[in-house]
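What follows is one structure encoded as structure tokens, with my remarks underneath.
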Amino acid sequence: MSNAFVIDVDYEQPAAQGSVCDTRHAWARVPPEPSPGERVALKERIRHLLHERNAVMVSHFYVHPDLQDLAEETGGIVSDSLEMARFGRDHAATTLVVSGVRFMGETAKILSPEKRVLMPDLDANCSLDLGCPVDQFSAFCDQHPDRTVVVYANTSAAVKARADWLVTSSCALDVVSALHAQGRKILWGPDRHLGDYIQRQTGADMVSWNGACIVHDEFKALELDLLMKEHPAAKVLVHPESPADVIALADAVGSTSAILNAAQRMDANEFIVATDTGMLHKLRTLNPGKTFIEAPTAGNGGTCKSCAHCPWMAMNGLVELANALETGAGEIHVDPALGLRARVPIDRMLAFTAGLKNGQPAGSLIAGIGAA
């Protein structure tokens, strides 16, 4: 780690009405790129260690392509946080290696407390998690005791334990729509852009925590509109953590999985993509005849806080992954009592999404699964 490049992420949530948490001291270490020879040797070493440790890799779409490819080559998965959670819970491996950010490792441990969960770097965090400390979020919840607390997956185990429901961007609309249909008022946290999008789509009565993703908050509608004029045939794919004026320009809005599906389904050969640039690897792999263009952020210089790639996702590297498997460094621990409380809203989400997949009506799932 001594040779790692340190990125100082000068991230500060903009002032707005409601709860605001300052995460200006966030930072990230980006590991150096191995040489081609080192890369081959590291991958072979990791394959051996995975087999020896009865371990499986679970990688997010936003991490380095090496970690995405290696996960699939060794029987693991590359996916969004919802499918990562399902896969880790259901796989027979006794060790899970989670390449992503810390809340993903915590979720894996909560769902599989009997398994060992390793991460390449425990300092790989998330601006949404950092910007939603449990004491302040709990106080916010206490101000609204009549509301059902729905939190995004990008939160700590402690915040999850305070929630009634957990959602990811792939199921948030369905869950909130079903709760709204039953007349429930919602307290949402922490991503305000995703919360605003859900409120516009569902009409639900919602109050929201004022958080933002350091990557998606940087996309700019003015620059996107100019780019669209340069590429008039391109379709625009946008993640709902983006600002409302960016979402308004989209041809398709959705989670990472939804963006993948849209790119394969839509009748277009050119796409502008407003999500983390780590996603472009899988988009290009699955659509070799199509062109994918990064949506513009605030810029590539001093004004850019993310340049469309999460600095914490960038902390995941082959050297760090091999070291975690070799030495046990980067092991995730969650207090068992806290984990039991945090598992309740996670299990609700997983049961709800499984029921929807099997054709059950959302309303009956809410009633059957319950809400605190």
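The values are calculated or read from the model by the stated rules, or taken from the named source; none is laboratory data. On a predicted model such as this, the values are computed, not experimentally measured, just so you know. Because the Cβ atoms are built from the backbone with ideal geometry, glycine has one as well, and the counts that use them run over all protein chains shown. Surface areas here come from the heavy atoms of the whole protein model, side chains and all, with no ligands, DNA or RNA. Shrake-Rupley method; radii C 1.70, N 1.55, O 1.52, S 1.80 Å.
Suppose we filter the stretch 106-120 for residues that are in a loop (DSSP other than H, G, I, E, B) and surrounded by fewer than 23 Cβ atoms within 10 Å (Cβ to Cβ); how many remain?
Counting residues in the stretch 106-120 that are in a loop (DSSP other than H, G, I, E, B) and surrounded by fewer than 23 Cβ atoms within 10 Å (Cβ to Cβ) gives 4.
Could you give me the residue pairs with C-beta distances under 8 Å whose first residue belongs to the stretch 121-138 and is open to solvent by 10 Å² or more (accessible area, probe 1.4 Å), whose second residue is of a type in the set (Ser, Thr, Tyr) and at pLDDT below 95 wherever it lies, and which are 6+ apart or on separate chains?
Final answer for the pair search is Leu130/Thr23; Gln136/Ser19.
Go through the stretch 209-225 and count every residue that is touching a residue at least 60 places away in the same chain (Cβ under 8 Å), outside any loop (DSSP other than H, G, I, E, B) and open to solvent by 40 Å² or more (accessible area, probe 1.4 Å).
Result for the stretch 209-225: 1.
Filter the stretch 318-353 down to residues that are open to solvent by less than 20 Å² (accessible area, probe 1.4 Å), in contact with a helix residue (DSSP H, G or I) (Cβ under 8 Å, 6 or more places away or on another chain) and over 18 Å from Leu82 (Cβ atoms), then give me how many there are.
The qualifying residues number 7.
Looking at the stretch 65-105, which of its residues are touching a strand residue (DSSP E or B) at 6+ places or on another chain (Cβ under 8 Å), assigned to a helix (DSSP H, G or I), buried (at least 17 other Cβ atoms within 10 Å of the Cβ) and among the charged types (D, E, K, R)?
Within the stretch 65-105, just Glu83 meets the criteria.
Based on what the data block shows, is Thr275 open to solvent by 10 Å² or more (accessible area, probe 1.4 Å) and either under 22 Å from Met84 (Cβ atoms) or in contact with a Cys (Cβ under 7 Å, 6 or more places away or on another chain) (or both)?
no
Out of everything in the stretch 164-176 that is open to solvent by less than 10 Å² (accessible area, probe 1.4 Å) and part of a loop (DSSP other than H, G, I, E, B), what residue ends up being farthest from Gln201 (Cα to Cα)? Walk me through it before giving the result.
The first filter runs over the stretch 164-176 and keeps only residues open to solvent by less than 10 Å² (accessible area, probe 1.4 Å), leaving 165-168, 171-172, 175-176.
Now drop any that are not part of a loop (DSSP other than H, G, I, E, B), which leaves 168, 171.
Values: Thr168: 16, Cys171: 13 Å.
Among those residues, the one meeting the criterion is Thr168.
Would you check which residues across the stretch 177-199 are buried (at least 23 other Cβ atoms within 10 Å of the Cβ) and either of a type in the set (Ser, Thr, Tyr) or assigned to a loop (DSSP other than H, G, I, E, B) (or both) and list them?
Passing the criteria: Pro190, Tyr197.
Conditions first: (1) more than 25 Å from Ser127 (Cα to Cα); (2) at pLDDT 95 or above; (3) open to solvent by 20 Å² or more (accessible area, probe 1.4 Å). Ala204 passes all but one, so which condition is the exception?
(3) is the only condition that Ala204 fails.
Residues are listed down the side, and each one gets a yes or a no for (1) touching a residue at least 60 places away in the same chain (Cβ under 8 Å); (2) hydroxyl-bearing (Ser, Thr, Tyr):
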{"position": "Val236", "(1), (2)": "no, no"}
{"position": "Ser242", "(1), (2)": "no, yes"}
{"position": "Ser255", "(1), (2)": "yes, yes"}
{"position": "Lys290", "(1), (2)": "no, no"}
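Could you please give the count of residues in the stretch 76-120 that are among the aromatic types (Phe, Trp, Tyr) and either without any contact (Cβ under 8 Å) to a residue 24 or more places away in the chain or under 17 Å from Met313 (Cα atoms) (or both)?
Residues meeting the conditions: 1.
Counting just the residues of the stretch 233-272 that are of a type in the set (Asp, Glu) and within 19 Å of Lys220 (Cβ to Cβ), which one comes out least open to solvent (accessible area, probe 1.4 Å)?
Glu241
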